[in-house]
1. Pairs under 9 Å by beta carbon, first residue not assigned by the TED database to the domain that holds T106 in the stretch 182-210, partner of a type in the set (F, W, Y), six or more apart or different chains?
2. Here are some residues: L140, L118. Which one is in the same structural domain as L101 (by the TED database), under 23 Å from the mean Cα position of the chain (by Cα) and touching a residue at least 60 places away in the same chain (Cβ under 8 Å)?
3. What helices (runs of 4 or more DSSP H) lie completely within the stretch 1-70 and have 3 or more residues being within 21 Å of F220 (Cα to Cα), at pLDDT below 85 and of a type in the set (K, R)?
4. With respect to F104, is the statement that it is in a loop (DSSP other than H, G, I, E, B), modelled with pLDDT of 95 or more and in contact with a Ser or Thr (Cβ under 9 Å, 6 or more places away or on another chain) true?
5. Could you grab me the full set of residues in the stretch 230-256 that are surrounded by 14 or more Cβ atoms within 10 Å (Cβ to Cβ) and aliphatic (A, V, I, L, M)?
6. With the condition kept exactly as written, say whether any residue in the stretch 105-112 is touching a Gly at 6+ places or on another chain (Cβ under 6 Å) and closer than 25 Å to S221 by Cβ.
7. So which residues in the stretch 123-137 are in contact (Cβ under 8 Å) with a residue 24 or more places away in the chain and either outside any strand (DSSP E or B) or more than 20 Å from the chain's Cα centre (by Cα) (or both), if there are any at all?
8. Is one or more of the residues making up the stretch 213-229 more than 18 Å from G133 (Cβ to Cβ), in contact (Cβ under 8 Å) with a residue 60 or more places away in the chain, surrounded by fewer than 18 Cβ atoms within 10 Å (Cβ to Cβ) and touching a Gly at 6+ places or on another chain (Cβ under 6 Å)?
Amino acid sequence: MIQYRRIMEGVIMHTNERFDLILDYLKMHKRATVADLSKLVYVSEATVRRDLNEMQRLGLLRRTHGGAMYSDGSEEVSIFVRQEVNATGKEVTASIALSHLPDFHTIFIDNSSTCLALVQRMNLQHKVAVTNGIQAATWLVQQDDVQVIMPGGELKLNTGFTGSTACNALRGFRFDVMLCSCAAIDMEGTYENSLAVKELKVTAMDLSDCCILITDKTKFSLKAPYHTVSLRKYDYIFTDAEDELLSPYREAGLQIINR
């Protein structure tokens, strides 16, 4: 059990001390509101928001509407929680991607909350959809004349299937299009918080004629431990990020669409 330091009101803590206390709290409670953390570290809610934004930039936590949640690289966060993180940005990104998708018959869709936002806007009638995402499959199976296939494997609570069994099952397919998101992105490529998730995505990419990345702008400021692939592996990249942020990527010759 984590033992918390008792902080006397009026004592001024340095930024790193606040970070430590916030992380300890999130490790125990998994999530917290800005108001909760303001009382914990005796600073204004505006200061807590700045702290949380910086901690997210450093990959220490994930921001949610009105607060933050603990981010552990060894665990996949429930999709219900991930949907809360920059929900508006994911919806905008999904809408952008929807108007640019190429024709396809067979598609692989990962278990990301960003892809789920796109799935909720797609009509896949007469298509074959393979997904490792529980929520994506649940949504798709309600459409008429869609063949929905899940690969099996190790099931993570409220997320989806990963692991070697899932990878082996995917090798029985060939996909026209692969849709995926990522945990983080920079000029060197995309990254994941889980080695198993990385391996599944690399497998699906190798089996796909067209690889599409959809990612909201928050992923450009995050870090994750497992490098997945170079950005040149993707045929299209869709995002809600501003032109200024995307400028160096476009100068490098990458196809990034944000409108």
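The values are calculated or read from the model by the stated rules, or taken from the named source; none is laboratory data. Since this is a predicted model, take the numbers as computed values, not measurements. Neighbour counts run over all protein chains shown; Cβ positions are idealised from the backbone, glycine included.
1. Matching pairs, first to second residue: none at all.
2. Details: L140 fails: touching a residue at least 60 places away in the same chain (Cβ under 8 Å).
Going through L140, L118 in turn, just one is in the same structural domain as L101 (by the TED database), under 23 Å from the mean Cα position of the chain (by Cα) and touching a residue at least 60 places away in the same chain (Cβ under 8 Å): L118.
3. Working: elements: 15-29, 34-41, 45-57.
So the answer is none; nothing clears 3.
4. Details: in a loop (DSSP other than H, G, I, E, B): yes; modelled with pLDDT of 95 or more: yes; in contact with a Ser or Thr (Cβ under 9 Å, 6 or more places away or on another chain): no.
When the stated conditions are applied, F104 does not pass them.
5. Result: L231, I237, A241, L245, L246, L254, I256.
6. Initially, the stretch 105-112 is screened for residues touching a Gly at 6+ places or on another chain (Cβ under 6 Å), giving 111.
Filter again for closer than 25 Å to S221 by Cβ, leaving 111.
Checked the stretch 105-112: at least one residue is touching a Gly at 6+ places or on another chain (Cβ under 6 Å) and closer than 25 Å to S221 by Cβ.
7. N132, I134, Q135, A136
8. Residues of the stretch 213-229 that are more than 18 Å from G133 (Cβ to Cβ), as a first pass: 217-218, 220-227, 229.
Next, only the ones that are in contact (Cβ under 8 Å) with a residue 60 or more places away in the chain stay: 217-218, 221-225.
When the remaining residues are screened for being surrounded by fewer than 18 Cβ atoms within 10 Å (Cβ to Cβ), the result is 221, 223, 225.
Next, only the ones that are touching a Gly at 6+ places or on another chain (Cβ under 6 Å) stay: 223, 225.
Yes, some residue in the stretch 213-229 is more than 18 Å from G133 (Cβ to Cβ), in contact (Cβ under 8 Å) with a residue 60 or more places away in the chain, surrounded by fewer than 18 Cβ atoms within 10 Å (Cβ to Cβ) and touching a Gly at 6+ places or on another chain (Cβ under 6 Å).
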